[in-house]
Amino acid sequence: MTRETAASRPAARYLDGPVAIIGAGIGGLTAALSLQHFGVPVRVFEQARALREIGAGVTITPNAMNALDVLGIGPALAEQAGETPRYFVRSAADGRELERGPDPGSFVPEFGARYCNLHRGDLHAALTEAVTKNDPDAIALGHRFGYLEQDGQKVTAHFSNGASFEAPALIGADGGASAVRDAVFGGQDASYTGHVALRALVPFTRVPRAVIADPYALYVGTGRSLIHYPLRRQTTMNLLGNAQASQWQAEGWSIPATVQEFLGLFDDFPEPVRELIAAVPEPDLFKWGLRDREPLPAWTRGRVTMLGDAAHPMTPYLGQGACMAIEDGMILGRAFAASQDLGEAFSRYEAARRDRANGVQLAARYQGTQHHGSTATGPGSGKTAATLGLFSYNPVTEPI
Ligand SMILES: Cc1cc2nc3c(=O)[nH]c(=O)nc-3n(C[C@H](O)[C@H](O)[C@H](O)COP(=O)(O)OP(=O)(O)OC[C@H]3O[C@@H](n4cnc5c(N)ncnc54)[C@H](O)[C@@H]3O)c2cc1C
């Protein structure tokens, strides 16, 4: 476990061993890669026995793409994604254009990086490969975090397989239902938003022509919204619908759903959208209930901090959850490298991240209400991540 590689030579001399990261999702792996990039060795503990991601798309906007570029995996991912079409926000009532996204060619000149629609599996695989190339022992599978103990010298993580690990610092990157957050800050209530989300991937060969001609669209309608965009060089269409559902829905991301159920919720949406839903291969259709949590006033206690959904779980209405996790990871590595001790590293990290991520968490909640409208005003496009100016934050250069 002490293999020395170029990337694992300790730069932060105040650390006397690898930093423990709980969770090998997009956030945990980006943090691992960023810490390695700055010469800090890591050990990532993942509960799953095999590394995999759900079959879905994820928009990685220039703010986060800047980090992936610096960490060395951005260019190949952009190549895998292919061209990003311009997006349109449309009325679900009649397909009318409500907002037009920026020219995709403007992102690099304006923000220094591309806007990519990626397959989550491709992003996850690129992160895993880069982290294990730096250190083949960096990721330990089959380790479900249970609880921790900490004192002035170390933090010890205990896992349900009976193993434990002692580290100078621990990062909770274990997602929205974080066990690290519960262990350090006590359980946090999550409220069901009254919205169900449905997701599917549709092979391009099954996608209606009218959708191929208008491939990146967000439809907003009363109580519902639906977005579709192409992945993997226009070979797969990603589809995500959000609808009010008074009946309680479980949290997870992968509860099987039916085309009939999906169509029933969107039966008054424009015809191309209904045709696209009808074309979904049923085994690839999943649903889950959206939960919302209040922003946390602090993410750090002693030798433990958190990032990604563990720190700031958010509703999907700005498509920024993964981007925020990537920004966190980039800044955390920079904070370790810039500091003289762990306390300084964690306070630099939290100071640079808390207002930004908690602000996006609240903005995502608000945009959900705007997209879905109210009986008084009807649905409107509200704002998107682009019109809110979220792409101007660059985690590579942001002062820390
Ligand atoms: C369908 C869908 C579409 C989305 N689209 C977008 C988008 O377009 N753009 C965007 O920016 N965001 C998007 N998001 C949000 C984004 O995916 C999340 O914000 C992001 O995945 C958070 O990453 P994370 O690493 O913090 O958490 P997660 O991805 O949840 O990863 C947590 C990891 O921790 C592991 N874990 C959990 N508990 C334990 C434990 N006790 N011990 C050990 N390991 C544990 C899990 O197995 C998992 O591997 C989308 C989400 C979904 C579901």
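The values are calculated or read from the model by the stated rules, or taken from the named source; none is laboratory data. The structure presented is a predicted model; accordingly, all values stated were derived computationally and were not measured. Here Cβ is always computed from backbone atoms with ideal geometry, including for glycine, and neighbour counts include all displayed protein chains. Side chains are part of the model used for accessible areas, which takes the heavy atoms of the whole protein and leaves out ligands, DNA and RNA. Shrake-Rupley method; radii C 1.70, N 1.55, O 1.52, S 1.80 Å.
Magnitude of the charge dipole for the chain, about its Cα centre and with charges confined to Cβ atoms of Lys, Arg (+1) and Asp, Glu (-1), is about 140 debye. Solvent-accessible surface of the chain, averaged per residue with a 1.4 angstrom probe and all protein chains in place: 40 square angstrom. Backbone geometry of the stretch 352-362 corresponds, through the Karplus equation with coefficients 6.51, -1.76 and 1.60 at θ = phi - 60°, to 3J(HN,Hα) couplings of 6, 10, 4, 5, 4, 6, 5, x, 5, 4, 6 Hz, x marking Gly and Pro.
Dividing the convex hull volume of the alpha-carbon atoms in the stretch 125-189 by its residue count gives 106 Å³ per residue.
With the Cα gyration tensor of the stretch 164-236 giving a ≥ b ≥ c as the square roots of its eigenvalues, does the rule (a/c under 1.5 for rounded; else a/b larger than b/c for prolate; else oblate) give rounded, prolate or oblate? Cα axes put the stretch 164-236 in the oblate bin. For Cα pairs less than 8 Å apart in space and 6+ apart in sequence, what is the mean separation divided by the residue count of the chain, i.e. the relative contact order in percent? For the chain, the relative contact order is 23 percent. Between helix 26-37 and the chain there is an angle of about 40 degrees, using the helix long axis and the longest principal axis of the Cα atoms. Sequentially through the stretch 319-332, phi angles give Karplus couplings (6.51, -1.76, 1.60; θ = phi - 60°) of x, 10, x, 5, 4, 5, 5, 5, 4, 4, x, 4, 5, 4 Hz, Gly and Pro residues having no value and appearing as x.
Dividing the Cα radius of gyration by the Kirkwood radius, what Rg/Rh value follows for the stretch 288-359? List each step's numbers first, then the result.
Working: Rg = 12.6 Å, Rh = 12.7 Å.
Ratio of gyration radius to Kirkwood radius for the stretch 288-359: 1.00.
Calculate I(q)/I(0) for the stretch 1-149 by the Debye formula, one identical point scatterer on each C-alpha and no solvent, and give its log10 at q = 0.15 Å⁻¹ to two decimals. Scattering profile of the stretch 1-149, log10 relative to I(0): -0.83.
Where does the chain land at 222 nm, in deg cm²/dmol rounded to the nearest 500, when only DSSP H runs of n ≥ 4 count, each adding -39500 (n - 2.57), divided by all residues? Spell out each step's value before the answer.
On the way: 11 runs with 125 residues, N = 400.
When only DSSP H runs of four or more count, the value is -9500 deg cm²/dmol.
Computed over the stretch 31-110, the Cα gyration tensor eigenvalues convert (square root of 5λ each) into semi-axes of 33, 19, 11 Å, ordered from largest to smallest.
Expressed to the nearest 5 percent, the antiparallel share of DSSP beta bridges inside the chain is 75 percent. Annotation: amide H of residue 236 within the under-5 Å range of 204, 231, sequence separation 5 or more or interchain, hydrogens built in the peptide plane.
For residue 140, nonlocal amide neighbours, meaning residues 5 or more places apart or on other chains whose placed amide H falls under 5 Å from its own, are 44, 45, 46.
Put a plus charge on the Cβ of each Lys and Arg, a minus charge on the Cβ of each Asp and Glu, and nothing anywhere else: the dipole of the stretch 147-247 about its Cα centre is then about 840 debye.
Show 366, 87, 14 ordered by accessible area, largest first, where the area counts protein heavy atoms only and the probe is 1.4 Å.
366, 14, 87
Computed about its Cα centre, the charge dipole of the stretch 312-375 is approximately 180 debye, with only Lys, Arg, Asp and Glu carrying charge at their Cβ. In summary, the convex hull built on the alpha carbon positions of the chain has an orientation-averaged projected area of 18.3 nm².
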